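Taken together, the values in this text are just the output of simple stated rules run on the coordinates, not laboratory data. Given the structure is predicted, the values throughout are model-derived calculations rather than measurements.
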Amino acid sequence: MADTSTFRGTLDFLADIGVYDVILPFLLVFTIVFALLEKTRVFGTEKVGDAEYSKKHLNSLASFVIAFFVIASSRLVEIVTQISANVVVLLLAGVFFLLLAGSFHQQKPEGFFLEGRFKTLFMSLMFVGLVFIFLNAIEAKNKTWLQWLFDWLRQFTDNVSVSAVVLIILVVGIMYYIGAIGPSKEETSNNKK
């Protein structure tokens with residue numbers, strides 16, 4: 001059997017001293033909470049000269065305390081770690097999709113970005129993926145919320161009324177999509193001129 005590399009030993013050492021389950025979750029939660037408090041200015045602002053600034057000392061203190069509460073609970077740290085890892089996988093999937101989709105488009109100076117309905121569809125898929133990641137990370141009675149949801153939905157699979165509702169939603173969705181394909185109001189008004 002081959003010996004472990006020096007880098008693997010370093011990573012194991014960092015895991016042993018708690019970098020992955022204490023320091024990194026603390027920094028992640030602190031950064032996110034601090035950014036949200038700075039953006040929303042929940043604790044108000046203070047005026048210095050002509051400019052208004054958020055109360056950074058209160059925002060940082062609250063972020064510090066919240067981050068400490070999170071790392072004090074090993075269950076919360078496990079959830080944060082699992083969600084972070086899965087979100088990175090979702091982000092990589094999005095980058096790879098854009099890489100593949102961009103290979104079929106003409107190169108422009110500003111780069112390739114999804115626009116219109118594709119952007120909305122892709123953002124919706126990412127949101128659904130994020131919801132599934134959160135539901136899969138939270139456990140209750142040795143089952144994730146996602147497993148509870150699938151078990152609950154499984155009891156309706158043979159139900160005729162559920163099949164009818166799914167069919168109606170599908171038909172309405174197709175009708176909406178077909179109606180949305182037509183010319184926009186701006187195009188119609190420009191054609192009349």
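Normalised size of the range 1-159, defined as Cα radius of gyration per 2.2 N^0.38 Å with N residues, equals 1.43. If the segment from Ser103 to Gln147 were pulled out straight at 0.36 nm per residue, it would be longer than the present Cα-Cα gap by 12.1 nm. Counting only alpha carbon atoms, the long axis of helix 74-102 and the longest principal axis of the chain meet at about 40°.
Equivalent-ellipsoid semi-axes for the range 1-72 (Cα gyration tensor, √(5λ), whole Å, largest first): 39, 12, 8. Helix 6-16 and the longest principal axis of the C-alpha atoms of the chain enclose an angle of approximately 80°. Between Phe132 and Leu90, residue separation times 0.36 nm minus the direct Cα-Cα distance comes to 14.0 nm.
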